[in-house]
């Protein structure tokens, strides 16, 4: 089936995919796929009445335009960028949809009796896109070259800071020993963080070892191909995603209620919920001030946000920011404004944040004379940095792979924030999730999900290998 362009869109404007440029440098020549065992037993669509394995597979999603980019993984930045990274690069391990570690670059691993030393053996068939073998020296070098969006403030070196890796020791070309700063009895999930993708610079070209390779990119669209002829395209749509459905796109990722409602009336599409990867939280400069706060049960936020939502999971799982005391983060700095204004600030372009802020003000802010104030991205960033308001509604990851890194990103925007135990400066309010709107015969058997709901494309050949 040929790829169908969207045609005249309702309000679509193209946006850039900054990450693609780095991978485009390695896009020349014949695309190549490793024999990565992509299938994890977590298919997006387990079965369908029939299959249509012809390529390309077409995917559309909206951009991630949140002004305070505290997302997980922390980098590469936006969700479209991270989708591309999942296809063209590999980490030592991956986490399937159940949170279980599965093979990535490493085919097996073990831990010593102390829990500090983990040994990872690379897959013998691991190859970069230029055909050269991946060695543990490549993995170690990629670790050392990781750069966060800003200099790491926690001290002790980059990996020691946010990934908890004290040192990496090579054992020949195929085994890597990682010493961690804390004992681990299960394989550290941080090793699946896309920031730890192994890449190699060859004559100025950045190449990865994933099954796909970028073959073309333009504003808002990237095309990828595998050696066996499997191809796909990703289009970033800043306007109305219903146009993508009208154009017959195979997969649309969204949480927009208009798009999901429209898809419900299309017989050829099915809607599949993804993981609860995002949450909204109340950030307070003065966590000891409990005025204008009410119970989550009284707020009933999941009834008013118009997206798939639930109350934060409680009980055995406490918010991740309660467990960052070991991260050696910078201490809270002074606020620019000592006497806060009676505003609850949110990003004006985020409909969920607006609904949450307005409900907080309506239910608990009358006596405090609070107002809900929506701001454009630049204004929002400036306001939260100053810390001169009663509070802020922000979007955060629900289950980050690297809590130390995400906490450090928060402090980059709100340097006054106190994340010490008992500070009560962050309060989880609601968890939300996106959905994948799919044409089942087109995606059965070739789209897998990881622990955080990210899609990994299985490069089966046309005809399913026939």
Give the residue that is modelled with the highest pLDDT, with candidates limited to residues of the range 266-280 that are in a loop (DSSP other than H, G, I, E, B) and surrounded by 19 or more Cβ atoms within 10 Å (Cβ to Cβ).
269
Filter the range 52-69 down to the residues that are within 20 Å of residue 274 (Cα to Cα) and at pLDDT below 65 and list them by number.
65, 66
Those residues of the range 426-466 that are modelled with pLDDT under 85 and more than 22 Å from the chain's Cα centre (by Cα) come to a total of 8
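Yes/no per residue for (1) modelled with pLDDT of 90 or more; (2) surrounded by fewer than 21 Cβ atoms within 10 Å (Cβ to Cβ):
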{"residue": "112", "(1), (2)": "yes, yes"}
{"residue": "136", "(1), (2)": "yes, no"}
{"residue": "167", "(1), (2)": "no, yes"}
{"residue": "173", "(1), (2)": "no, yes"}
Where a residue in the range 164-184 is closer than 16 Å to residue 123 by Cβ and its partner, wherever it lies, is surrounded by fewer than 15 Cβ atoms within 10 Å (Cβ to Cβ), with Cβ under 7 Å and at least six apart:
176/170
Any idea which residue in the range 290-309 is surrounded by the most Cβ atoms within 10 Å (Cβ to Cβ), counting only those that are at pLDDT below 65 and in contact with a strand residue (DSSP E or B) (Cβ under 8 Å, 6 or more places away or on another chain)?
292
Looking at the range 445-456, which of its residues are over 17 Å from residue 95 (Cβ atoms) and buried (at least 20 other Cβ atoms within 10 Å of the Cβ)?
446
Count - residues of the range 364-385 that are buried (at least 17 other Cβ atoms within 10 Å of the Cβ) and free of Cβ contacts under 8 Å to residues at least 60 places away in the same chain:
5
If you take the residues of the range 189-221 that are in a loop (DSSP other than H, G, I, E, B) and in contact with a helix residue (DSSP H, G or I) (Cβ under 8 Å, 6 or more places away or on another chain), which of them is surrounded by the fewest Cβ atoms within 10 Å (Cβ to Cβ)?
193
Quickly run through the range 377-420 and pick out the residues that are within 23 Å of residue 193 (Cα to Cα) and part of a loop (DSSP other than H, G, I, E, B).
398, 399, 400, 401, 402, 419
Tally the residues that are crowded, with 21+ Cβ neighbours inside 10 Å and either within 20 Å of the chain's Cα centre (by Cα) or under 19 Å from residue 461 (Cα atoms) (or both), restricting the search to the range 242-265.
6
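Here is a yes/no grid of residues against (1) more than 24 Å from residue 307 (Cα to Cα); (2) in a strand (DSSP E or B); (3) out of contact with any strand residue (DSSP E or B) (no Cβ under 9 Å at 6 or more places or on another chain); (4) modelled with pLDDT of 90 or more:
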{"site": "333", "(1), (2), (3), (4)": "yes, no, yes, no"}
{"site": "345", "(1), (2), (3), (4)": "no, yes, no, yes"}
{"site": "363", "(1), (2), (3), (4)": "no, no, yes, no"}
{"site": "424", "(1), (2), (3), (4)": "yes, no, yes, no"}
When you scan the range 223-243, how many residues do you find that are closer than 30 Å to residue 136 by Cβ and part of a strand (DSSP E or B)?
2
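The values are calculated or read from the model by the stated rules, or taken from the named source; none is laboratory data. Keep in mind that this is a model prediction, so the values were computed, not measured. When we count neighbours, we look across all protein chains shown, and the Cβ atoms used for this are built from the backbone with ideal geometry, even at glycine.
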